[in-house]
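Novice: Below is one structure. I have some questions about it.
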Amino acid sequence: MRKITVTKFGLLAGGLMFAGGLMFAGGTQEEDPPSLAQVVALDECDPATFNAPTAVGPDFCKNVALGASTKFADLFAKAAHGTPDPNWDFEPDAMIVKKGTVLSAVNQGGEPHTFTEVARFGGGFLGPLNGGEETVPECAGGFSRVEVAKTRILQGSQLQITGLSKGEHLFQCCIHPWMRTKVEVK
Ligand SMILES: [Cu+2]
């Protein structure tokens, strides 16, 4: 009986800690260090043009947003002109977190993305989307390399990153390389 009580208390404490982290991520000011910081991956893929047989195929773009959308050809045209679609983005673009914070990258877009740590920002593994930038080594080889595949965030899922050292960490999408964020760990 005693054991059960202790277990329940442990679960409750864990739940409260998690709630505290979420409150901070939502913008509430708190004295305690945050336990969870969230980065959201956004895109506005247009299902009609992305899921066409001549594009990436059926069920690839799972965008549920109404209205706002990026047509498949436009995504490539804008990237090629060096003016990539700003609605395809990691939010926020920069953040400062305390050491020990769990970084959570959540994909709220309609397409798969990656949240890949890189030494320097640069191109991803799809040349036509790179706007002339060289593929960074961390993205090279695409999903055929397990190191890259492990950083993938599918639609509606999240990737948690723990153990970040103090200093600056750069993350980008290896598919849409203008999706970038800088995390400074204090
Ligand atoms: Cu992406």
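Bear in mind these aren't lab numbers, they're just calculated from the coordinates by the rules spelled out. If you're wondering where the values come from, they're calculated on a predicted model, not measured in any experiment. Note: ideal-geometry Cβ built from the backbone for every residue, glycine included; neighbour counts use all protein chains shown.
Novice: Any idea how far apart residue 56 and residue 121 come out in nm if each label point goes 7 Å out from Cα toward Cβ?
Specialist: 2.1
Novice: Next question. Okay, which of region 42-65 sit inside 16 Å, backbone N to the point 7 Å along the Cα-Cβ direction of residue 154?
Specialist: From region 42-65, the list is 58-63.
Novice: Which residues in region 155-186 place their backbone N less than 17 Å from a point set 7 Å from the Cα of residue 140 along the Cα-to-Cβ direction?
Specialist: 174-175
Novice: What are the aspartates and glutamates whose alpha-carbon lies under 15 Å from the alpha-carbon of residue 62, with same-chain residues fewer than 8 places away excluded?
Specialist: Counting by Cα, and skipping residues close in sequence, residue 62 has these aspartates and glutamates nearby: 43, 44, 46, 111.
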